[in-house]
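Peer 1: A single structure is presented below for examination.
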Amino acid sequence: MAKDIHDRFKFEHALWLSGYTRVAGVDEAGRGPLAGPVVAAAVILPPEWLTAGLPKALLGLNDSKQLTALQRERFFAALTGSEQVRFGIARVDADLVDQINILRATHRAMNAALAQLQPPPEHVLVDGNPVPVLSHPQTALVQGDSRSYSIAAASVLAKVTRDRLML
């Protein structure tokens, strides 16, 4: 199996070995711009993919900022169309962002996306810094969207959803 598969499943694999079967990656889009909503996505990938490898349609999955718009759309379709992938997507609109600030809005969207996952995740891999108000045990990974397939998948879902809303 390719080294990249192991490297980008490294954090999930450690949690799976510890007995966690529902490990979610979470990321957001829209924190930097001064307009529009903030969107967060949470994704649980199947542990079997560590040994089986990613499906062909997901080969090349990476941080959404490293992908073209066409690649993001293809990965979005593959992720949302897979019966094996569980995901949640949530947004906080600009008016509420202005009221509570972008950081709190991001955290709210993350919790709302995670709440859509049933059964809930047992552990969450978060892109960036720890989220004190996150409703699940977590591991924060700086540049996690390029280090974890689960976070990369969440990155793609959040970015495509926000881009579609902005159009």
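The values are calculated or read from the model by the stated rules, or taken from the named source; none is laboratory data. Note that the structure is a prediction, hence the values are computed from the model and not measured. As a convention, Cβ positions derive from the backbone with ideal geometry for all residues, glycine included, and neighbour counts pool all protein chains shown. To get the accessible areas, we keep the full protein, side chains included, count just its heavy atoms, and leave off ligands, DNA and RNA. Shrake-Rupley method; radii C 1.70, N 1.55, O 1.52, S 1.80 Å.
Peer 1: Please give, to one decimal in nm, the separation of the simple spin-label points placed at Ala14 and Leu103, each 7 Å out from Cα toward the Cβ.
Peer 2: Distance between the two pseudo-spin positions: 2.5 nm.
Peer 1: Taking amide hydrogens as modeled 1.01 Å from N in the peptide plane, which residues meet the under 5 Å criterion relative to Asp27, leaving out close sequence neighbours?
Peer 2: Under 5 Å from the amide H of Asp27: Ala41.
Peer 1: Moving on. Could you pull the Rg and Dmax for the stretch 56-129, using just the Cα atoms, both in Å?
Peer 2: Final numbers for Rg and Dmax: 14.4, 43 Å.
Peer 1: Using alpha carbons only, how many degrees (0 to 90, rounded to 10) separate the axis of helix 69-80 from the longest principal axis of the chain?
Peer 2: 70
Peer 1: Mind checking the angle between helix 149-166 and the chain's longest principal axis? C-alpha axes, 0 to 90 degrees, to the nearest 10.
Peer 2: Here the helix axis deviates by roughly 30 degrees.
Peer 1: Separate question: Under a point-charge model restricted to the Cβ atoms of Lys and Arg (+1) and Asp and Glu (-1), what is the dipole moment magnitude of the chain relative to its Cα centre, in debye to the nearest 20?
Peer 2: So the dipole magnitude of the chain works out to roughly 140 debye.
Peer 1: To the nearest 10 Å², what's Glu48's accessible area with a 1.4 Å probe?
Peer 2: 100
Peer 1: How large, in percent, is the carbon and sulfur part of the accessible surface of the stretch 1-136 at a probe radius of 1.4 Å?
Peer 2: Using a 1.4 Å probe with all protein chains present, the stretch 1-136 comes out at 54 percent carbon and sulfur.
Peer 1: Same structure again: Among Asp95, Asp63, Asp127, what's the order by accessible area (1.4 angstrom probe), most exposed first?
Peer 2: Asp95, Asp127, Asp63
Peer 1: In the chain, if the dipole is taken from +1 on Lys/Arg beta carbons and -1 on Asp/Glu beta carbons about the Cα centre, which of Val39, Ala69, Asn111 is farthest to the positive end?
Peer 2: The Cα lying farthest towards the positive end belongs to Ala69.
Peer 1: Using a 1.4 Å probe on the protein heavy atoms only, what accessible surface does Thr68 show? Give it in Å² to the nearest 10.
Peer 2: Accessible surface of Thr68 is approximately 70 Å².
Peer 1: What ranking of Met110, Met166 comes out by heavy-atom accessible area, probe 1.4 Å, highest first?
Peer 2: Met166, Met110
Peer 1: Still on this model: So what's the angle, to the nearest 10 degrees on a 0 to 90 scale, between helix 102-115 and the longest Cα principal axis of the chain?
Peer 2: Orientation of helix 102-115: about 50 degrees from the principal axis.
Peer 1: How much of the pair distance distribution for the chain lies past 30 Å, counting alpha-carbon pairs only, in percent?
Peer 2: Percentage above 30 Å: 10.
Peer 1: Still on this structure, I have one more. From the protein chains alone at 1.4 Å, what is the descending order of accessible area for Leu70, Leu96, largest first?
Peer 2: Greatest to least solvent exposure: Leu70, Leu96.
Peer 1: Here's a follow-up. In the full protein assembly as shown, how much of His13 is accessible to a 1.4 Å probe, in Å² to the nearest 10?
Peer 2: We get 60 Å² for His13.
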